[in-house]
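Since every read-out is calculated from the coordinates, none of them should be taken as a lab result. These numbers were taken from a predicted model, which means no experiment stands behind them. Quick reminder, even Gly has a Cβ in these numbers, built from the backbone with ideal geometry, and neighbours come from all protein chains shown.
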Amino acid sequence: MSKPIIDSPTSIRSLDTLFIKTYGCQMNEYDSQRMADLMKQAYGLRLVGTPEEADVILMNTCSVREKAEEKVYSQLGRYRKLKDTRPDMIIGVGGCVGQQEGARIQKRAPYVDMVFGPQTYHKLPEMVKKIRRDRVCLSETDMPEIEKFDHLPKQRVDGVSGYVTIMEGCDKFCTFCVVPYTRGPELSRPVERVLEECRGILADGAVEISLLGQNVNGYRGEGPRDVENNCEEWDFTMLLYAVAKLDGLKRLRFITSHPMEMTTELAVAFGEIPQLMPFLHLPVQSGSDAMLKHMHRGHTRDDYFAIIDELRSHCPELALSSDFIIGYPGETDADFEATLDLVRRVKYDSSYCFKYSPRPGTPAAKSADDVPEDVKDARLQTLLELIREQARDALQAKLGQTLDVLVEKPGRSDGDMEGHTADFKIVHFKGKPRQIGQIMPVRITEAFGQSLRGELIVA
Ligand code: SAH
Ligand code: SF4
Ligand code: F3S
């Protein structure tokens, strides 16, 4: 009997399982979770831990740094082998590489069924339906005005901590960065929607909420008229005060904020809101005024120092972290020294440091990537060493102290529990699973490179 060229629709197996491979920032982590919620609601898909078990494989990609596109293609090559043996399988590429590359992905990898961006993943169920019905490849990378959030099912959280996206996109256009092109313009969710999602995850049992966005402090959300401030457009600080009042919330965090959007009110909030934890990721990228100007960051190093001073005057225990880019076009030894000097002066508790890589479509990619690779490597090592030293000092300083730790989950070894201090240090200690969700005093006995160990103080 000859094999039919096109399977009849009845021969299509039902879809049962979903695997999501996530790269990149917290926003992508959040989006992946929402994709899983959506596919569960639409098709009853169950999340599985390996691509081999999956009927649908989604890649949620990041294009912020080096060779992002190539990494996606080589990963896709591995998924292709799975699809060769199971042609009914659906492969989708979402996230920031999906947005940037669009249908080019299917030209290079024709076995990819769908390509979508961070603003179109609410269409996943519809895309899957079309693929199964019409056997077509789809690419959905428009940036619709409508709120994708309106089309997502209610978020469910089963842990102690929950994440809520409050704004999307970026209008800052730093010269090196793809995010404004992949995530689109800054759009803030209305206040009531944010509060509703927060209430929901608190009702599920979470006690900590992290507010997410590329520039959370650029938040400008439509809100109810506020009596004191007499305005309908709420800024980030107003939102913080409102979220902090929600029943059941013990800890409030946010990521990421931009120096240009820092306000005195936000610094004051760190001193005033007990639930707002004393940790702030405030990326500066470079300590050189010339580099900051070329990067289009919109502030000088002195502006940054002034912001840090103001924050610390309201919240002396504030722990800081930052991102740095090494080897931006034209960076001299003196520019790099200025970065080291800034790091020494600010004293961070942790930081991330990246070698500059030109990203397609960004203004900086038009300049020659002229800092030699070996110079970039040497500067990276020097800065990493300084960052590690500061991180070690910050952890050592906790020895002997008794700190409030939110018990979050079992640790890796038997009888161990894991949690975070208010200023976001990881702590391991002997404890009980029933303590999960409680904030408990732990006396710090050991400090390692990236975490602490302590003993629970039971009254
Ligand atoms: N919205 C955040 C950061 C988003 S991207 C902010 O403004 O801080 C995360 C980090 O990736 C950036 O802070 C930057 O340090 C790094 N990064 C972005 N583009 C890069 C590039 N082309 N090369 C190297 N690092 C880059
Ligand atoms: Fe990228 Fe700059 Fe926007 Fe951050 S603020 S996402 S670094 S363009
Ligand atoms: Fe990457 Fe997109 Fe986030 S480029 S860092 S996944 S916004």
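Results, tabulated for the structure shown:
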read-out: Ratio of Rg to Rh over the range 1-148 (Cα coordinates, Kirkwood Rh, two decimals); value: 0.95
read-out: Order of Ile325, Ile426 under a 10 Å beta carbon neighbour criterion, fewest first; value: Ile426, Ile325
read-out: For the range 55-130, the spread of Cα positions along each principal axis, largest first, Å; value: 33, 27, 18
read-out: Estimated distance in nm for a label pair at Asp16 and Asp370, the labels positioned 7 Å out from Cα along Cα-to-Cβ; value: 6.1
read-out: Sites Thr263 and Arg434, calculated FRET efficiency, Cβ-Cβ separation with R0 41 Å, nearest 0.05; value: 0.50
read-out: Sites Arg104 and Arg156, calculated FRET efficiency, Cβ-Cβ separation with R0 25 Å, nearest 0.05; value: 0.10
read-out: Segments 240-247, 282-289, 103-110 sorted - mean Cβ within 10 Å per residue, highest first; value: 282-289, 240-247, 103-110
read-out: Neighbour-count order for Thr402, Thr421, fewest beta carbons within 10 angstrom listed first; value: Thr402, Thr421
read-out: DSSP bridge orientation in the chain - percent antiparallel, rounded to nearest 5; value: 35
read-out: Placed amide H near Thr17: partners under 5 Å, 5+ positions off or other chain; value: Arg46, Asp55, Val56
read-out: Relative contact order computed over the chain (Cα-Cα under 8 Å; 6+ residues apart), in percent; value: 9
read-out: Residues listed by number, the range 133-154, amide nitrogen under 13 Å from Lys40 label point at 7 Å toward C-beta; value: 153-154
read-out: Computed over the range 331-459, Cα set: Rg, Dmax in Å; value: 19.8, 62
read-out: Estimated inter-spin distance, Thr445 and Glu196, nm [label 7 Å along Cα→Cβ]; value: 4.9
read-out: P(r) weight above 20 Å for the range 273-401, C-alpha pairs, percent; value: 47
read-out: Residue order, fewest to most beta carbons within 10 Å, for His258, His296; value: His296, His258
read-out: Distance from the range 143-184 to the range 355-396 (C-alpha centre basis), Å; value: 27
read-out: Those residues of the range 71-107 whose amide nitrogen sits under 12 Å from the label point placed on Arg135, 7 Å along Cα→Cβ; value: 88
read-out: Integer Hz, Karplus 6.51/-1.76/1.60 couplings in order for the range 360-376, x for Gly and Pro; value: x, x, 8, x, 5, 5, 7, 7, 5, 7, 9, 7, x, 3, 5, 6, 4
read-out: Sites Glu272 and Glu52, calculated FRET efficiency, Cβ-Cβ separation with R0 51 Å, nearest 0.05; value: 0.50
read-out: Enclosed volume per residue, in Å³, of the convex hull spanned by Cα atoms of the range 146-305; value: 124
read-out: 5 angstrom amide H check on Arg359, placed H, neighbours 5+ away; value: Ala365
read-out: Potential extension, Glu66-Asp333 segment - 0.36 nm per residue separation minus Cα distance; value: 93.9 nm
read-out: Nitroxide proxy distance, nm - points 7 Å out along Cα→Cβ at Val458 and Asp404; value: 2.2
read-out: Equivalent ellipsoid semi-axes - Cα gyration tensor, the range 362-437, angstrom; value: 40, 16, 12
read-out: Percent of Cα-Cα distances greater than 37 Å, calculated over the chain; value: 32
